[in-house]
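Chemist: Please see the structure below; I have some questions.
The values are calculated or read from the model by the stated rules, or taken from the named source; none is laboratory data. Note that the structure is a prediction, hence the values are computed from the model and not measured. Here the Cβ is made from the backbone with ideal geometry for all residues, glycine too, and neighbour counts use every protein chain on show. Ligands, DNA and RNA are excluded from the accessible area calculation, which covers all protein heavy atoms including side chains. Shrake-Rupley method; radii C 1.70, N 1.55, O 1.52, S 1.80 Å.
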Amino acid sequence: MSKSLPLRPTVLALALATCFPALAQSNAEVLNELRALRERVTELENKLKAAEARAPAATAAPTAAAGTAGAAAGAQWGMTPEQAKELARVTVKTEATEDNLEAWGIKGLTISGYMDPSYIVNRRQSRAGFQFLNSQSGGYAYDTSYIGAASLDFTKETDSGTRFKLTLSPNRSAGAVIDGQSIVQEASISIPLTDLQTRMIVGQLPDWTGYEYQQPTLNPFITHNLLFDFTVPTTYTGAGIDYTTGKWWIRSLIANVNETIAKQGQRAPVLVYRVDYSKSEFDGFGFAGLHGKTANYNLCANDACDIFQKTTTHLFEVDGFFVRGDWTVQGQVSYGQQKQAAIMPDADGNFPDSKWVGASGLVGYSITPRLQVLARADYLKNDKGGGGLFGYTGYYPEFGVDGSYGDYRNGIGPDPTLGCDVDPTASGCDKGANRYALSFGLKYAFNLNTTFKLEYRRDAANLPVFFDVDSGTYKKNNDLFGASVVLSF
């Protein structure tokens, strides 16, 4: 068309000039106009060809085999040139970011944490105030435990499926309960063996006993139940197997219990395990146990009495849960014993075995999706040999405890008014206190990251084992009030 267009107007102009001489004078003007029109058409054709070169034609779309190369060579179909340039820029930037994350070791890394500044009122301790990041060097108590913590968790998973986990919590970690200064809550490695469901686990792990979790983000109350506080270990340091199949989850370790290194003359690791079964998304059960020799603070292993002998210990518990709709129900029963670990010696100066049984139950009801009302009841029978629980032995008067032969802040031991430190064989000294606790609480989810908690707790015993700071006497009960803000990310 562009080649024949100039020819036809030229012949026509000559014919018109011959037939109509009057028009011959304007022939030059007509030719000029036709030349201008031809140049304009040529210009438009060149622009069309340039546009086709920048975007692939619909009839020549890349095939499946060559789609990637075709897309990379030019703009994507349906995009403007500016959009295609932006897509290429984002693609290059994304690939560079992925390369940098892998080079810096950040790929597969998850960072999370929480804080829970708390306000605690303890009637018998005559104490009311905020607590946050306070030291554990003063010993473990149910009104301090892990309350008022700040924690930072690093979890890294490699391409091979190996997981690295390090959780730090200054002054409030499980490690701090052991030595009073560690900031390590957990430091563990999980290595897949035959598959991702069969793993080797090694390192320091917090105890997994019972239905209640240590973290305030998972524990609906501020305080913990009696079984959590006084009948279970704190940490395990060892190696074992983590196995998942269907609805079953099984973990087992050969480990040191409540110590990161075996002391001089100690060569007896302990078997610990936990098995969980999720019957459905609404309910399930689990059980955990410990069998082996653990530290007995009644029996010194050297003259300085800074190393203790170990005696055979057996712990076993069963727990379960039901969570459906607005209701949450959880429960646990426990049994434990340790050789020569009772608080009071017998008439011959020998310590009998400590034994205890306990139960704890929790009920929660969601008044609204954000507001939950809670109740928890605990019972701990611990009357044999003047009492004695896991890790609660060695109450000699020369150790400087609050009262003779007992822990009278936590309410553990025989009646302190009987003078058992003077005469361990006095009537009633061989009986320990049975403990009770009843807690009521509110939990309000302010937003996805912030939760407010309130708790009133009544502790009681059948013996006067709570030391009252104001009067200097011993009482059979104690009251605690707590409030906390839990922020997590």
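Chemist: Could you list all residues from region 234-250 that are open to solvent by 10 Å² or more (accessible area, probe 1.4 Å), over 13 Å from R274 (Cα atoms) and within 19 Å of the chain's Cα centre (by Cα)?
Modeler: Correct list: T234, T237.
Table: residues versus (1) in contact with a Lys or Arg (Cβ under 9 Å, 6 or more places away or on another chain); (2) open to solvent by less than 60 Å² (accessible area, probe 1.4 Å); (3) aliphatic (A, V, I, L, M).
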{"residue": "A84", "(1), (2), (3)": "yes, yes, yes"}
{"residue": "V92", "(1), (2), (3)": "no, no, yes"}
{"residue": "A96", "(1), (2), (3)": "no, yes, yes"}
{"residue": "Y119", "(1), (2), (3)": "no, no, no"}
{"residue": "Q125", "(1), (2), (3)": "yes, yes, no"}
{"residue": "Q131", "(1), (2), (3)": "no, yes, no"}
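Chemist: Do you know which residues across region 341-367 are open to solvent by 20 Å² or more (accessible area, probe 1.4 Å) and closer than 30 Å to G284 by Cα?
Modeler: Within region 341-367, K355, V357, A359, G361, V363, Y365, S366, I367 meet the criteria.
Chemist: In region 470-489, what residues are open to solvent by less than 70 Å² (accessible area, probe 1.4 Å) and in contact with a strand residue (DSSP E or B) (Cβ under 9 Å, 6 or more places away or on another chain)?
Modeler: T473, Y474, N477, N478, D479, L480, G482, A483, S484, V485, V486, S488
Chemist: What are the residues in region 207-221 that are open to solvent by less than 30 Å² (accessible area, probe 1.4 Å) and not hydroxyl-bearing (S, T, Y), if any?
Modeler: Scanning region 207-221 gives W208, G210, E212, Q214, P216, N219, P220, F221.
Chemist: For region 327-340, does any single residue satisfy the condition of being open to solvent by 70 Å² or more (accessible area, probe 1.4 Å), part of a strand (DSSP E or B) and under 30 Å from N447 (Cβ atoms)?
Modeler: Yes; the residues of region 327-340 include at least one that is open to solvent by 70 Å² or more (accessible area, probe 1.4 Å), part of a strand (DSSP E or B) and under 30 Å from N447 (Cβ atoms).
Chemist: Regarding region 395-417, can at least one residue be identified that is surrounded by fewer than 23 Cβ atoms within 10 Å (Cβ to Cβ), within 28 Å of V329 (Cα to Cα) and either free of Cβ contacts under 8 Å to residues at least 24 places away in the same chain or not basic (K, R) (or both)?
Modeler: Looking for residues that are surrounded by fewer than 23 Cβ atoms within 10 Å (Cβ to Cβ), within 28 Å of V329 (Cα to Cα) and either free of Cβ contacts under 8 Å to residues at least 24 places away in the same chain or not basic (K, R) (or both), one finds none in region 395-417, hence no.
Chemist: Going by the conditions given, is S160 out of contact with any Ser or Thr (no Cβ under 7 Å at 6 or more places or on another chain) and assigned to a loop (DSSP other than H, G, I, E, B)?
Modeler: Spelling it out, S160 is indeed out of contact with any Ser or Thr (no Cβ under 7 Å at 6 or more places or on another chain) and assigned to a loop (DSSP other than H, G, I, E, B).
Per-residue answers, yes or no, for (1) more than 28 Å from L227 (Cβ to Cβ); (2) at pLDDT below 95; (3) open to solvent by less than 20 Å² (accessible area, probe 1.4 Å):
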{"position": "G105", "(1), (2), (3)": "yes, yes, no"}
{"position": "G108", "(1), (2), (3)": "yes, yes, no"}
{"position": "G113", "(1), (2), (3)": "no, no, yes"}
{"position": "G139", "(1), (2), (3)": "no, yes, no"}
{"position": "D159", "(1), (2), (3)": "yes, yes, no"}
{"position": "I178", "(1), (2), (3)": "no, yes, no"}
